[in-house]
Amino acid sequence: MTNECKIITRRDFMVAGSFAVGGAMARPSLGQAPPTVQTDRSRVVLIRDKNVLDENGQVRKEVIARMLDDAIKALFNTGDALAPWRNLFKSSDIVGIKTNVWTPLPTPRALEETIQERLVAVGVDATNIGIKDRGLLQDPIFTRSTALVNVRPMRTHHWSGLGTLIKNHIMFTDQPWAYHGNACERLGAVWELPMVKGKTRLNILVMLTPLFHGVGPHHFSAAYTWPYYGLIVSTDPVAADTTGARIIEAKRRQHFGEDRPISPPPRHIAAADTQFGLGQSRPERIDLITLGFTEDLLLA
Amino acid sequence: MGDAVTRCDGDIVLRKRILFGWLFVAAVVIVGGVLIMNLNHTTSLSVEILMQHVPTNIDGWRATGRDRYYDADTIFDYIDGGGEVYRAYNLRRCAARRYEHSSGPEIVLDVFDLGSASDAFGVFTHDLDGDPVSIGQDGRYRPGWLSFWKNRFFVSIYAMEETDASARIVRELGRTVAAAIADEGRRPELLAALPDEGQQTNRIRYLHHHLILNYHYYLADKNILDIDDTTPTVLATYRRSAGQAQLLLVRYPSTERCRAAARQWVEHYVPESVAVTPVQLENGSWTAWRIADPLLAIVLEAETAAAAETLLADVPAK
């Protein structure tokens, strides 16, 4: 073992306040991140539509496309669904749509296609748009990309507590295990990598059928998903993840009938705010706009 | 004549003795062979052979496609992310089979050969949620998922959706797989060093990789306790009248390594501490440690100094 670099221990996190006073390992609730020097606010849109899934649970493209358009309009306070895309992307951009292909709960193809279509509609050359999750470091679009769209479903995750928008960029490194420490707390560092830094223009967290609890080697059972019919859209990945995580936590309380914190705790969300300045993890600094039906919103 | 009779009788006696001798040897060989075969049954059992004992059609659930097999190098092709857990327990082989039903949820059977009962037990302790069931060793069932270990195998069976029928089939499959593994395995010897009082038997983790320790209890980003395949480690939760606490025991192969690990522990985690005396940390919890050569015993997250002291004192000296 080498002593060449500083060893970060649990006590370092205790000093920083990540581990609260208590007997067992305390898990910081989302929305209780330590004070941050950031003063900006972030806007997040949560849109829900029960018609987005058909009777077989398949995504209806026309509905999810309309949801995305409505969310974009609300997010940027405009009546023109394409105007924000024009502001966010130049026709000369090379755009990587960073998706997620996890077999049990992938990003819906219909949503990927809709994003691609909106980019083309505002002038981005179709040949300069790539949709990918794995193999980014060798991909001709992603290696040259000037802009990124980050889109994935939210789910619990074995190592990081939650599979989040912040985490979705992990495939931009060839050493993902290097970020596993302390429940992947330093995932925000991935956003500092040259292929990523400053490029993510839009974040879309898919909340159609989120996974709120993982079991077994594959960390999946449909028994722990539920139809929420939602999309969370923001330019701030931390604010979007914070909102999604609040919903997951609330669902766990509802399902288990007791406080069952996400395990391991998704520390990387608050850390992305306080350590890496990627966005807002405190609900009081998030302007949340909800569209669509509000039954079982789980955001009390 | 008399000599001839005597010689003849002698030959008969000799032949009888030889015959009985051979019969005795044959009996010993047969009985011994049966015993040895029985003892070696599980030792020679591969996941491929084991899967042959598991029906491919069970009450309408039919196996789809061919069984798939993975090893430590290919497990990530099958298990995203979580594959590291099985590698950390020396995964030898994994067999995977899917069952489908015309009107029921898909059921996935995974059988992992970890090469030793200790590692099968260890990987089982990675997730201890659920209710105890009498299937395999320490079987546990939570909605949608059954897991157990037996001998050097860890078995996971889960249904994509929880229905009455799928729950029944999951259990039935579990019993079949467990029956195909003839012999039970022994728990790691290190568990015997855990004090009994207040031990939460459903909260004992066995491991030998610092990545796994960090999953259950994050200690440091580097392997400051020098935990590896040669250092059986157990993390156990206690509830005592003096308060709750966790006990970490690491057994080293040599005194030198044990003491070196203790030095690292002190240097990087509790530089203000001396052995045995509890230290209060920034989160209000207490920690204490001592060398019980070749064991390093560390009490973590003790609610009180007394909880740390008494738990540490109960760790056997050797």
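Based on alpha-carbon centroids, what's the gap between the stretch B:265-294 and the stretch B:151-178 in Å, whole number please?
Distance between centres, Cα-based: 43 Å.
With the contact rule set at Cα under 8 Å and sequence spacing of 6 or more, what percent relative contact order holds for chain A?
Details: 563 pairs, mean separation 71.9, N = 300.
Averaging sequence separation for qualifying contacts and normalising by length gives 24 percent for chain A.
Counting pairwise Cα distances across the stretch A:46-292, what percent come out greater than 33 angstrom? Mind showing how you got there, number by number?
Numbers: 3684 of 30381 pairs.
When every Cα pair of the stretch A:46-292 is considered, 12 percent fall beyond 33 Å.
Report, in cubic angstrom per residue, the convex hull volume of the C-alpha atoms of the stretch A:158-240. Please list the in-between numbers first.
Values: hull volume 8.1 nm³, N = 83.
Measuring per residue, one finds 98 Å³ for the Cα hull of the stretch A:158-240.
Please grab the % of Cα pairs in the stretch B:242-318 that end up more than 16 Å from each other.
Numbers: 1287 of 2926 pairs.
Roughly 44 percent, once rounded to a whole number.
Helix hunt in chain A: which complete DSSP H runs extend at least 24 Å axially by C-alpha with mean Kyte-Doolittle at least 0.5?
On the way: long enough: A:237-256 (28 Å, -0.57).
Span-like helices in chain A: none at all.
May I ask you to derive the relative contact order of chain B, considering only C-alpha pairs under 8 Å and at least 6 residues apart, and to give it as an integer percent?
Details: 569 pairs, mean separation 35.8, N = 318.
It rounds to 11 percent for chain B.
For the pairs A:K132/A:K167; A:K61/A:K132; B:K150/B:K222; A:K6/A:K132; A:K199/A:K251; A:K50/A:K132, flag any whose C-alpha to C-alpha distance is greater than 25 Å. The partial results should precede the final answer.
Working: A:K132/A:K167 15 Å; A:K61/A:K132 19 Å; B:K150/B:K222 33 Å; A:K6/A:K132 35 Å; A:K199/A:K251 32 Å; A:K50/A:K132 28 Å.
Table pairs above 25 Å Cα-Cα are B:K150/B:K222; A:K6/A:K132; A:K199/A:K251; A:K50/A:K132.
Test of understanding: extend the Cα→C-beta vector of A:A250 to 7 Å, then name every residue of the stretch A:118-161 with backbone N under 15 Å from that spot.
none
Which is the longest run of chain A containing none of the GluC sites (Glu not before Pro) found in DSSP loop states (not H, G, I, E, B) with at most 10 other C-beta atoms within 10 Å?
Numbers: sites that count: A:E4, A:E55, A:E258, A:E295.
Answer from the scan: A:56-257.
Leaving out ligands, DNA and RNA but keeping every protein chain, what accessible area does A:T9 have, in Å² rounded to the nearest 10, with a 1.4 Å probe?
0
Rounded to whole Hz and in sequence order, give me ³J(HN,Hα) for the stretch B:126-139 from the Karplus expression 6.51 cos²θ - 1.76 cosθ + 1.60, θ = phi - 60°, writing x for Gly and Pro.
5, 9, 10, 5, x, 9, x, 9, 8, 9, x, 9, 6, x
For A:K90 and A:D287, calculate 0.36 nm times their separation in residues minus their Cα-Cα distance, and state this gained length in nm to one decimal. All intermediate terms of the calculation are to be shown ahead of the outcome.
Values: separation 197, 0.36 × 197 = 70.92 nm, distance 2.71 nm.
Length difference between fully extended and current span is 68.2 nm.
P(r) of the protein assembly as shown in 10 Å steps, Cα pairs, percent per bin?
So the P(r) values, bin by bin, are 3, 15, 23, 23, 18, 9, 4, 2, 2, 1, 1, 0, 0, 0.
Label the stretch A:223-300 by shape, choosing from rounded, prolate and oblate, from the square roots a ≥ b ≥ c of the eigenvalues of the Cα gyration tensor; if a/c is under 1.5 it is rounded, and otherwise prolate applies when a/b is larger than b/c, oblate when it is not.
Values: a/c = 2.18, a/b = 1.26, b/c = 1.73.
Oblate, since a/c reaches 1.5 and b/c is not below a/b.
If you project the alpha carbons of the stretch B:189-313 onto their three principal axes, what span does each projection cover, largest first, in Å?
35, 32, 26
Rounded to the nearest 0.05, what FRET efficiency do A:T103 and B:L19 have when you use their Cβ-Cβ distance and R0 = 51 Å? Don't jump to the answer; show the numbers that get you there.
Values: r = 67 Å, r/R0 = 1.32.
Rounded to the nearest 0.05, the efficiency is 0.15.
Can you pull the one-decimal nm distance between simple spin-label points at B:R62 and A:L137, each 7 Å off the Cα toward Cβ?
4.4
Can you tell me how the stretch A:170-300 classifies by the Cα gyration tensor, rounded, prolate or oblate, using a/c under 1.5 as the rounded cut?
Details: a/c = 1.79, a/b = 1.28, b/c = 1.40.
The shape class here is oblate.
Using a basic spin-label model with each label point 7 Å from the Cα along Cα→Cβ, how many nm lie between B:D228 and B:D164?
The two pseudo-label positions are separated by 5.5 nm.
Would you mind checking the tilt of helix B:2-44 against the longest principal axis of the Cα atoms of chain B, expressed as 0 to 90 degrees and rounded to 10?
Once rounded, the angle reads 30 degrees.
So what are the stretch B:47-180's ellipsoid semi-axes, whole angstrom, largest first, if each one is the square root of 5 times an eigenvalue of the alpha-carbon gyration tensor?
On the way: eigenvalues 94, 56, 37 Å².
Each semi-axis is the square root of five times an eigenvalue, giving 22, 17, 14 Å.
Can you give the average number of partner chain beta-carbon atoms within 10 Å of each beta-carbon in peptide B:236-244, as a whole number?
On the way: counts 0, 1, 0, 1, 0, 0, 0, 1, 3.
Mean partner-chain Cβ count within 10 Å for B:236-244: 1.
In terms of modelled amide H atoms, which long-range or inter-chain residues lie less than 5 Å from the amide H of A:D125?
HN-HN under 5 Å from A:D125: empty list.
For A:K90, what accessible area in Å² do you get when you roll a 1.4 Å probe over the heavy atoms of the protein chains, rounding to the nearest 10?
Rounded to the nearest 10, the figure is 120 Å².
Going through the stretch B:220-286, which GluC sites (Glu not before Pro) have at most 15 other Cβ atoms within 10 Å and a DSSP loop state? Present the calculation step by step, with values, prior to reporting the outcome.
Values: sites: B:E256, B:E267, B:E272, B:E282; in loops: B:E272, B:E282.
Passing both the DSSP loop test and the Cβ count: B:E272, B:E282.
So what J values fall out for the stretch B:252-263 if you push phi through Karplus, 6.51 cos²θ - 1.76 cosθ + 1.60 with θ = phi - 60°, rounded to Hz, Gly and Pro as x?
9, x, 8, 4, 4, 5, 4, 5, 5, 5, 4, 5
Counting other C-beta atoms within 10 Å, and keeping those with at most 14, which DSSP coil trypsin sites (Lys or Arg not before Pro) do you find in the stretch A:177-246?
Numbers: sites: A:R186, A:K197, A:K199, A:R201, A:R246; in loops: A:K197, A:K199.
Answer in residue order: A:K197.
Taking R0 as 30 Å, what's the FRET efficiency between A:L299 and B:R87 from their Cβ-Cβ distance, rounded to 0.05? Show your work: numbers first, answer last.
Values: r = 39 Å, r/R0 = 1.30.
The calculated FRET efficiency here is 0.15.
With the cut-off at 1.5 for a/c, could you classify chain B from its C-alpha gyration tensor as rounded, prolate or oblate?
Numbers: a/c = 2.72, a/b = 1.41, b/c = 1.93.
In terms of gyration-tensor shape, oblate.
Looking at the stretch B:165-226, which trypsin sites (Lys or Arg not before Pro) are DSSP coil and have at most 14 other C-beta atoms within 10 Å of their C-beta?
On the way: sites: B:R168, B:R171, B:R175, B:R186, B:R203, B:R205, B:K222; in loops: B:R186, B:K222.
Loop-located and lightly packed - B:R186.
Rg (Å, one decimal) plus Dmax (Å, integer) for the alpha carbons of the stretch A:67-177?
Computed over the Cα atoms of the stretch A:67-177, radius of gyration and Dmax are 14.5, 44 Å.
Enter the accessible area per residue of the protein assembly as shown (Å², integer; probe 1.4 Å; all protein chains in place).
On the way: 26290 Å² over 618 residues.
Heavy-atom accessible area per residue stands at 43 Å².
The values are calculated or read from the model by the stated rules, or taken from the named source; none is laboratory data. Keep in mind that what you see is a predicted model, and the values were worked out from it rather than measured. For neighbour counting, all protein chains shown are included, and Cβ atoms are generated from backbone atoms with ideal geometry for every residue, glycine included. When the accessible area is computed, the model is the full protein with side chains, heavy atoms only, and any ligands, DNA or RNA have been set aside. Shrake-Rupley method; radii C 1.70, N 1.55, O 1.52, S 1.80 Å.
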